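**Q** Can you keep this structure in mind? I'll have questions shortly.
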Amino acid sequence: MKVTVVGSGVMGHGIAELAAIAGNQVWMNDVSIEILNQALEKIKWSLSKLKESGSLREDLQNILSRINLEVDQAKALKDADFVIEAVKEDLELKRKIFSNAERYASPNAVLATNTSSLPVSEIADGVRNKSRLVGIHFFNPPVLMPLVEIIKGVDTSEETVRSAINFARSLDKETIIVKDIPGFFVNRVLLRIMEGACYILERGKASVEEIDSSAIEDLGFPMGVFILADYTGLDIGYSVWKAVSSRGFKMFQCSSMERLVNQGKLGVKSGSGYYSYPAPGKFIRPNLPKTTKKLGLYLIAPAVNEIANLLSENVINKEDAEKGCVLGLGLPKGVLTYADELGIDLIVNALEEMKSNTNMDHFEPSDVLKTMLRENELGKKTGKGFFNYGTEERTFTTITIRVDPPIGWIILNRPSRYNAINSVMIKEISKGLDDLEENEKVRVVVLTGQGKTFSAGADVVEFNSLTPMKAMLASKKFHEVFMKIQFLTKPVIAAINGLALGGGLELALACDIRIASSTAEVGQPEINLGLIPGGGATQRLSRITGGRGLEIILTGRRINADEALQFGIVDKVVKPESLEDEVKKLAENVAEKSPLALASAKLAYRIGQETNIWAGTSYESSLFGLLFSTKDFEEGVRAFVERRKPKFKGE
């Protein structure tokens, strides 16, 4: 179909590129041919990068041949089937474009605005048939960002909404549907997170650096809040804030941002903002100090309150809200999931504190949150919050223990330190193993890392305080915990989600089954420090790889997941996005078996690895006979005869 994109800036040419890749005839319109040619050059560059990465199969010239440049707006719009406006946030300009579109485009054409802040219904005042106009909000850069917000104006028809969804999906985008409110969904949530950061800063609770450090360490954000503001442009954030505020959106005034914008300090683009950069347009991630301040609650609470209000007003549903946070904002999890993990009671307390300190009524906890508090729906700790959980979760200093029957999770939780294993973590893993072994709800234990790393190894910072004797004792502590894993009475699976180096790989080697993400890398780099592995790799690698592991130890090199599979170091390699599902699937399959049989099978196998075949088979025979006395064996035989799935109780 013919797709016309009016405006060829960053958003406009990105949308035009997507539409052309999808096979449409695209007409790109702007005020001069020079501007259009510049946009086309950027499209060519982008397409070449996509081709290099292997994500584009079609010939570049074929795609480019479908893009037409046109200064005359009437010609560009003539007989268009889908019109997308992507010009600056000027209400009258947008209305004029859609008035022309209604006049020249196909009578059944969808008229879509890419506005990020102006209400769709206000823009629709520029057309006679308002049912045809819809918001289709792409994120920057459109080619890479996976989400599109579909905004339903007051008069937008359901047919138009469906057409917009189908168009976005034809571009291989995920969609969320939002009612027409200022800022829509993603920007409102981002503004609330920024509001929390500004509140902390301007109430003197923490510095810019401490806030950003806490956002990354405490919440796992990929980027600090103020770093992100600098990166996207303080002027852009400020203009969105002003646009939605003028339409009734109440927000704690971020005077620091206003001051910086007035000084021309716009972030990366100008060379300085909340941080300083080497030159205008040159971004280098600022070095952040480690902070002990836990500020995540204040950063996230206003966003939770905002979404709770939007849910009560049927602006968006919970599933789309979570999708918008992850795909639109790039958060590791949805804001509602954060709320459930932090605790609804703590969210409410933070909001009430913020209201008391500012006298701003919009911090008043929503009726949704008050009801949840009253009914003890506090999140994961009570089993129900915004979502239902059969889970229990406890967070320690360096790990998180989650019981999600029949699986018990030990999650290494030092993402800012690449989940490096220190003495505290060793103690906490040991305690976690004891607790999960005694927990009758848990049949299988899974070990994994928070964030994008399993574990980069032992924390080298602690090496500075070790004498030779202390180093030997530290190694012994590692061995004790890893042996506990190896001989735990419940199967232990390592979900290797990223780097597993040194002590991190040794931790995984002690597990019974290892499943790795295809992006994982493993290795024993101790030789590069003039050391040898101290957590059992010299012993377990030889048993697992049949001797091939020595090369890994001697060279200290990293190997990728596929090579690790060939070596036998991992048992299976899966796509990164499938890792958790694959591990759960395997764990649930194993958990269906008799706990007594699982413990016996694992013990016989492990003892057999450490002794001769005569002793091993004798031990196996003893356990085999012992299991004949169990109720699980009786249930297994009965279920086999009755042709049903057995229900083992571990008795």
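The values are calculated or read from the model by the stated rules, or taken from the named source; none is laboratory data. What you see is a predicted model; the values in this text were computed from it and never measured. All Cβ positions, even for glycine, are placed from backbone atoms using ideal geometry, and neighbour counts span all protein chains on display. SASA here: full protein model, heavy atoms, side chains in, ligands and nucleic acids out. Shrake-Rupley method; radii C 1.70, N 1.55, O 1.52, S 1.80 Å.
**Q** Output the residue which, of all residues in segment 420-453 that are β-branched (V, I, T) and assigned to a helix (DSSP H, G or I), is nearest to D218 (Cα to Cα).
**A** Per the stated criteria, the residue is V424.
**Q** Within segment 544-558, count every residue that is assigned to a helix (DSSP H, G or I) and in contact (Cβ under 8 Å) with a residue 12 or more places away in the chain.
**A** The total comes to 7.
**Q** For K602, state whether it is surrounded by 13 or more Cβ atoms within 10 Å (Cβ to Cβ), within 23 Å of R402 (Cβ to Cβ) and at pLDDT 95 or above.
**A** It is false that K602 is surrounded by 13 or more Cβ atoms within 10 Å (Cβ to Cβ), within 23 Å of R402 (Cβ to Cβ) and at pLDDT 95 or above.
**Q** Which numbered condition trips up D79, out of (1) over 19 Å from N140 (Cα atoms); (2) open to solvent by 60 Å² or more (accessible area, probe 1.4 Å); (3) part of a helix (DSSP H, G or I)?
**A** It is condition (3) that D79 fails.
**Q** Is there any pair linking a residue in segment 456-478 that is in the same structural domain as K431 (by the TED database) and touching a residue at least 60 places away in the same chain (Cβ under 8 Å) to one that is surrounded by 14 or more Cβ atoms within 10 Å (Cβ to Cβ) and not small (G, A, S), with Cβ under 6 Å and at least six apart or on different chains, and which?
**A** Every condition considered, the pairs that remain are G457/L501; A458/I421.
**Q** Now, a different point. Please go through segment 174-215 and give me each residue that is surrounded by 20 or more Cβ atoms within 10 Å (Cβ to Cβ) and either of a type in the set (K, R) or assigned to a loop (DSSP other than H, G, I, E, B) (or both), ordered by number.
**A** Answer for segment 174-215, where residues must be surrounded by 20 or more Cβ atoms within 10 Å (Cβ to Cβ) and either of a type in the set (K, R) or assigned to a loop (DSSP other than H, G, I, E, B) (or both): D180, I181, G183, F184, F185, R188, R192.
**Q** Shifting gears a bit: Residues in segment 444-469 that are modelled with pLDDT under 90 and more than 24 Å from R558 (Cα to Cα): how many?
**A** Final tally of qualifying residues: 3.
**Q** Restricting to segment 480-493, and then to whatever is in a helix (DSSP H, G or I) and among the hydrophobic types (A, V, I, L, M, F, W, C), can you tell me which residue is most open to solvent (accessible area, probe 1.4 Å)?
**A** Step by step, filter segment 480-493, then rank; the result is M483.
**Q** Also, quick follow-up: Note down all Cβ pairs under 9 Å where the first residue falls in segment 606-631 and is without any contact (Cβ under 8 Å) to a residue 60 or more places away in the chain, the second is open to solvent by 70 Å² or more (accessible area, probe 1.4 Å) and assigned to a loop (DSSP other than H, G, I, E, B), and they're at least six residues apart or on different chains.
**A** Qualifying pairs under 9 Å: T630/E651; K631/K649; K631/E651.
**Q** Just to be sure I understand, how many residues within segment 102-138 are more than 28 Å from L191 (Cβ to Cβ), hydrophobic (A, V, I, L, M, F, W, C) and free of Cβ contacts under 8 Å to residues at least 60 places away in the same chain?
**A** 3
**Q** Now for a different question. Counting only residues that are of a type outside the set (D, E, K, R) and under 26 Å from P142 (Cα atoms), how many does segment 301-333 have?
**A** Looking only at that region, the number is 16.
**Q** Any idea which residue in segment 233-267 is farthest from P302 (Cα to Cα), counting only those that are of a type in the set (F, W, Y) and assigned to a loop (DSSP other than H, G, I, E, B)?
**A** This residue is F249.
**Q** Oh, and also: Quick one: in segment 386-419, which of the residues that are open to solvent by less than 10 Å² (accessible area, probe 1.4 Å) and assigned to a loop (DSSP other than H, G, I, E, B) is nearest to D218 (Cα to Cα)?
**A** T398
**Q** Which condition breaks for V261 when tested against (1) of a type in the set (A, V, I, L, M, F, W, C); (2) farther than 21 Å from E306 by Cα; (3) open to solvent by less than 20 Å² (accessible area, probe 1.4 Å)?
**A** (3)
**Q** Go through segment 139-179 and report how many residues are over 16 Å from V189 (Cβ atoms), out of contact with any Gly (no Cβ under 8 Å at 6 or more places or on another chain) and among the basic types (K, R).
**A** Counting residues in segment 139-179 that are over 16 Å from V189 (Cβ atoms), out of contact with any Gly (no Cβ under 8 Å at 6 or more places or on another chain) and among the basic types (K, R) gives 3.
**Q** Separate question: Within segment 582-599, which residues are in contact (Cβ under 8 Å) with a residue 40 or more places away in the chain, open to solvent by 40 Å² or more (accessible area, probe 1.4 Å) and either more than 23 Å from F624 (Cα to Cα) or polar (S, T, N, Q) (or both)?
**A** E582, K584, L586, E588
**Q** Next up: Have a look at L541, L579 and point out the one that is assigned by the TED database to the domain that holds N422, open to solvent by less than 50 Å² (accessible area, probe 1.4 Å), over 23 Å from M483 (Cα atoms) and modelled with pLDDT under 95.
**A** Only one candidate qualifies: L579.
**Q** For segment 150-170, check the following and say yes or no: at least one residue is part of a loop (DSSP other than H, G, I, E, B), open to solvent by less than 10 Å² (accessible area, probe 1.4 Å) and over 25 Å from M360 (Cα atoms).
**A** Yes, because at least one residue in segment 150-170 is part of a loop (DSSP other than H, G, I, E, B), open to solvent by less than 10 Å² (accessible area, probe 1.4 Å) and over 25 Å from M360 (Cα atoms).
**Q** Which pairs have Cβ atoms under 6 Å, sit 6 or more apart or on different chains, and link a residue in segment 55-75 that is assigned by the TED database to the domain that holds A20 to one that is part of a strand (DSSP E or B) and open to solvent by 40 Å² or more (accessible area, probe 1.4 Å)?
**A** That search, which allows pairs on different chains as well, returns R66/Q25; N68/W27; E70/W27.
**Q** Restricting to segment 560-581, name every residue that is over 11 Å from S518 (Cβ atoms) and part of a helix (DSSP H, G or I).
**A** Within segment 560-581, E563, Q566, F567, E580, D581 qualify.
**Q** I've got another one for you. Just to check your reading of the model, which residue among I513, I532, I496, I553 is open to solvent by 60 Å² or more (accessible area, probe 1.4 Å) and among the β-branched types (V, I, T)?
**A** Result of the check over I513, I532, I496, I553: I532.
**Q** Right, something else. Out of segment 242-258, which residues are in contact with a helix residue (DSSP H, G or I) (Cβ under 6 Å, 6 or more places away or on another chain) and either aliphatic (A, V, I, L, M) or open to solvent by 20 Å² or more (accessible area, probe 1.4 Å) (or both)?
**A** If the condition is that a residue be in contact with a helix residue (DSSP H, G or I) (Cβ under 6 Å, 6 or more places away or on another chain) and either aliphatic (A, V, I, L, M) or open to solvent by 20 Å² or more (accessible area, probe 1.4 Å) (or both), then K250, M251, F252, M257 are the ones that fit.
**Q** What residue, among those in segment 373-385 that are within 16 Å of L336 (Cα to Cα) and of a type in the set (K, R), is most open to solvent (accessible area, probe 1.4 Å)?
**A** K381
**Q** Could you please let me know if D230 is open to solvent by less than 40 Å² (accessible area, probe 1.4 Å), in contact with a strand residue (DSSP E or B) (Cβ under 8 Å, 6 or more places away or on another chain) and assigned to a helix (DSSP H, G or I)?
**A** The answer is yes for D230.
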